[in-house]
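Read the structure below first, then the notes.
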Amino acid sequence: GDGTYDIEYDDGDKETRVQTSFIRAIGDIQSTRAMSPLNQSAFNIGEKVEARYRKRSRYYPGRIARVRADNTYDVDYDDGEIETSVEYHFIRSMECAREYQLSALD
C-alpha cells in the first residue's frame, strides 16, 4: 500500500486515501494506540516512553531510538541503558499519557 487508508464512518460517510497522521484510535489511549492496525508503528523515534527493562515488572523512562521491521523497538533509557527489540506491549507512551492528562483538565 501507499500508507493511506479508506475510512467508513459510523454515520455512513466515506473517505479515501487518508494519511495515518490524520487517524487516531478511540477508547483506551494506551492499549488501543499500541494495538491499532491504523498505526504502522505504535511508537515513533524520539518519543518519550516508559518500558519494562528486560520484561521486568517495573517501567523505566526513556525514548524510542529505533523502530524495527518486526514492530519491536530499541529503547534508550534515561539512565544510559539501551535495550533492543522490545515488544510494544512492554512499552507505554509518556507523550500520550501527558496529552490525556491535559485534555482531562479542560
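The values are calculated or read from the model by the stated rules, or taken from the named source; none is laboratory data. Because the structure is predicted, anything quoted here is derived from the model rather than measured. Please note: Cβ atoms are built from the backbone with ideal geometry, for glycine as well, and neighbour counts cover all protein chains shown. Quick note on the areas: whole protein, heavy atoms, side chains included, nothing else; ligands and nucleic acids left out. Shrake-Rupley method; radii C 1.70, N 1.55, O 1.52, S 1.80 Å.
Considering only region 41-74, state which residues are in contact with a helix residue (DSSP H, G or I) (Cβ under 8 Å, 6 or more places away or on another chain) and within 25 Å of T20 (Cα to Cα).
A42, F43, E47, K48, V49, E50, A51, N71, T72, Y73
Give me the pairs, please: first residue somewhere in region 55-80 and among the polar types (S, T, N, Q) and open to solvent by less than 70 Å² (accessible area, probe 1.4 Å), second residue anywhere and at pLDDT below 95 and in a loop (DSSP other than H, G, I, E, B), beta-carbon distance under 8 Å, and either six or more positions apart or on two chains.
N71/S41; N71/A42
Tell me, please, whether a residue that is of a type in the set (D, E) and modelled with pLDDT under 95 can be found in region 81-96. Write out each step before concluding.
Taking region 81-96 as the starting set, the residues that turn out to be of a type in the set (D, E) are 81, 83, 87, 95.
Next cut, modelled with pLDDT under 95 only: 87, 95.
Yes.
Restricting attention to region 1-24, and to residues there that are surrounded by 10 or more Cβ atoms within 10 Å (Cβ to Cβ) and within 15 Å of the chain's Cα centre (by Cα), which single residue is modelled with the lowest pLDDT?
Per the criteria, the residue is R24.
Are any residues in region 75-97 of a type in the set (S, T, Y) and under 27 Å from T20 (Cα atoms), and if so, which ones? Give the steps one after another, and end with the answer.
Of the residues in region 75-97, the ones of a type in the set (S, T, Y) are 77, 84-85, 88, 93.
The answer is T84, S85, Y88, S93.
Restricting attention to region 25-54, and to residues there that are open to solvent by 50 Å² or more (accessible area, probe 1.4 Å) and at pLDDT 65 or above, which single residue is farthest from M94 (Cα to Cα)? Outline the logic, then answer.
Of the residues in region 25-54, the ones open to solvent by 50 Å² or more (accessible area, probe 1.4 Å) are 26-31, 33, 35, 37-38, 40, 44-45, 48, 52, 54.
Right, trim to at pLDDT 65 or above and you get 44-45, 48, 52, 54.
On the way: N44: 12, I45: 13, K48: 5, R52: 13, R54: 19 Å.
Within region 25-54, the match that is farthest from M94 (Cα to Cα) is R54.
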